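Asker: One structure, pasted below without further comment.
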Amino acid sequence: MPGESILIVDDTPINLKLTRILLSHEGYDVRTANGGEEALEILESFHPRLVLADIQMPGMDGLEMTRRIKADPRHRDIVVVALTALAMKGDEEKAIDAGCDGYITKPIDTRALGDRIRGFLNAGPSEPRETTSDPFADAGIDDLRRRFLDEALQQAPIWLEQIDGTFDAAAARSIAHQWVGSAGLLGYRKVSLLSREVETILRQKPLDVAELKETLETLVAELEEPMLAHEEPAPPPEPVSEYQEKPRVILADDDPNIRALIKAFLESQNVECATASDGAEAVTAILAGQPHAVVLDVNMPEMNGYEVLETVRRRGFRGKVFLLTADEHPDTSGVDDFLVKPFNPVELVVRLKRLL
């Protein structure tokens, strides 16, 4: 409830300032730390009800900080909430395994942050609270926006110039990660989403230079003429496409965590998703449902992904096929696209939607 204490931990000054303003506006007693080490020092004399921490920070990251908090009997009652940009598969699972009590995905929805925090403090969903004032009204946000855009417009073109030469992908990935949070908090939703795409691409090995160039060029164009989220026109109706219906996908994987994660991502993108836990079940579901696309794990019990593909093709299935494999050089005969495990679920959804 308002009045309770919160510690925000983030290595990006803009993120710290804006998140503090948002939560102070909600009535919380807020302090900040610019890294895991500083947060632990603060906890020696300050006992917050909740710690809101970025997972990816230099030095001690948010996960190690959480482990140390939860290992200390003095601090085990503190609610720890991770901030993740979903840059890598399993970030949420890692957060929970480290002891986090929950997570919030970047870019942060500034309108809903207060409700999310109340939910964590109350250990359950909370009723949305109507707000009548702008928390950023006196925060100098226009100046912060200008500074952010100026710095990003200096940096992104440099990456484009260096990409075929002395390009530091790790440093660029770290900066793009910061932009995901900063742009989201400043109201530049599209910049935030494009920054997350850049970060995702920079994690790929080998690096897809052509895809990175294309995404960076799109990001630069958006930075040059940015639009705030509340200024964006209402999205046009989804094209009905050649299917005249919502795209349908069948996902076959014997890992229940992967099935649940990808299904949630696809359904959030208006894609209907059914699942199968082994090859035989997949064949039955594909032939009965005739989906527009299938996502097949190569290594499944009963029948592997290749056997499933051969069987359904032989029996008339003509939809798109996306393969999940641990082999960096898989057999792609009859396959429309593939990803090597461990993979990024965001990348999977983006590439699968392109096929659809």
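The values are calculated or read from the model by the stated rules, or taken from the named source; none is laboratory data. Quick caveat, the model's predicted, so the values are computed rather than measured. Glycine also receives a Cβ, built like all others from the backbone with ideal geometry; neighbour counts cover every protein chain displayed.
Asker: Run down T84, T105 and say which single residue is under 24 Å from K190 (Cα atoms), surrounded by fewer than 20 Cβ atoms within 10 Å (Cβ to Cβ) and at pLDDT below 85. Spell out the reasoning first.
Answerer: Numbers: T84 fails: surrounded by fewer than 20 Cβ atoms within 10 Å (Cβ to Cβ).
One residue alone meets the criteria, T105.
Asker: Could you tell me how many of the residues in region 153-192 are out of contact with any Pro (no Cβ under 8 Å at 6 or more places or on another chain) and either farther than 21 Å from I21 by Cβ or surrounded by fewer than 17 Cβ atoms within 10 Å (Cβ to Cβ) (or both)?
Answerer: First pass over region 153-192, keeping only residues out of contact with any Pro (no Cβ under 8 Å at 6 or more places or on another chain): 153-173, 175-179, 182, 186-187.
Those left that are additionally either farther than 21 Å from I21 by Cβ or surrounded by fewer than 17 Cβ atoms within 10 Å (Cβ to Cβ) (or both): 153-173, 175-177.
The qualifying residues number 24.
Asker: Being of a type in the set (A, V, I, L, M), within 21 Å of A293 (Cβ to Cβ) and either modelled with pLDDT under 85 or not assigned by TED's automatic domain parsing to the domain that holds K320 (or both) narrows it down to one residue among A264, A252, A234; which is it?
Answerer: That would be A264, the only listed residue that is of a type in the set (A, V, I, L, M), within 21 Å of A293 (Cβ to Cβ) and either modelled with pLDDT under 85 or not assigned by TED's automatic domain parsing to the domain that holds K320 (or both).
Asker: Only helices (runs of 4 or more DSSP H) wholly contained in region 167-232 count here; list those with 2 or more residues that are at negative phi and among the charged types (D, E, K, R).
Answerer: Details: elements: 169-186, 189-202, 209-224.
Result: 189-202, 209-224.
Asker: When the residues of region 247-293 are filtered to those that are touching a strand residue (DSSP E or B) at 6+ places or on another chain (Cβ under 8 Å), among the aliphatic types (A, V, I, L, M) and farther than 25 Å from E93 by Cβ, which remaining residue is surrounded by the most Cβ atoms within 10 Å (Cβ to Cβ)?
Answerer: I286
Asker: Tell me the residue from A288, A274 that is in the same structural domain as L323 (by TED's automatic domain parsing) and over 26 Å from the mean Cα position of the chain (by Cα), please. Show your work before the answer.
Answerer: Numbers: A274 fails: over 26 Å from the mean Cα position of the chain (by Cα).
Result of the check over A288, A274: A288.
Asker: Scan region 295-352 for residues that are in a helix (DSSP H, G or I), acidic (D, E) and buried (at least 16 other Cβ atoms within 10 Å of the Cβ) and jot them down.
Answerer: E307, E347
Asker: Could you tell me whether region 52-75 includes any residue that is among the aliphatic types (A, V, I, L, M), under 29 Å from A172 (Cβ atoms), at pLDDT 90 or above and in contact with a Ser or Thr (Cβ under 8 Å, 6 or more places away or on another chain)?
Answerer: Keep residues of region 52-75 that are among the aliphatic types (A, V, I, L, M), which gives 52-53, 55, 57, 60, 63, 65, 69, 71.
Add one more test, that the residue is under 29 Å from A172 (Cβ atoms), and what stays is 52-53, 55, 57, 60, 63, 65.
Cutting the leftovers down to at pLDDT 90 or above gives us 52-53, 60, 63, 65.
If we keep only those that are in contact with a Ser or Thr (Cβ under 8 Å, 6 or more places away or on another chain) as well, we get 52-53.
Within region 52-75, one or more residues are among the aliphatic types (A, V, I, L, M), under 29 Å from A172 (Cβ atoms), at pLDDT 90 or above and in contact with a Ser or Thr (Cβ under 8 Å, 6 or more places away or on another chain).
Asker: In region 28-81, which residues are more than 13 Å from I8 (Cα to Cα), small (G, A, S) and in contact with a helix residue (DSSP H, G or I) (Cβ under 9 Å, 6 or more places away or on another chain)?
Answerer: Of everything in region 28-81, just one residue is more than 13 Å from I8 (Cα to Cα), small (G, A, S) and in contact with a helix residue (DSSP H, G or I) (Cβ under 9 Å, 6 or more places away or on another chain), namely G59.
Asker: Which ones in region 1-22 are free of Cβ contacts under 8 Å to residues at least 24 places away in the same chain and over 15 Å from Q56 (Cβ atoms)?
Answerer: P13, R20
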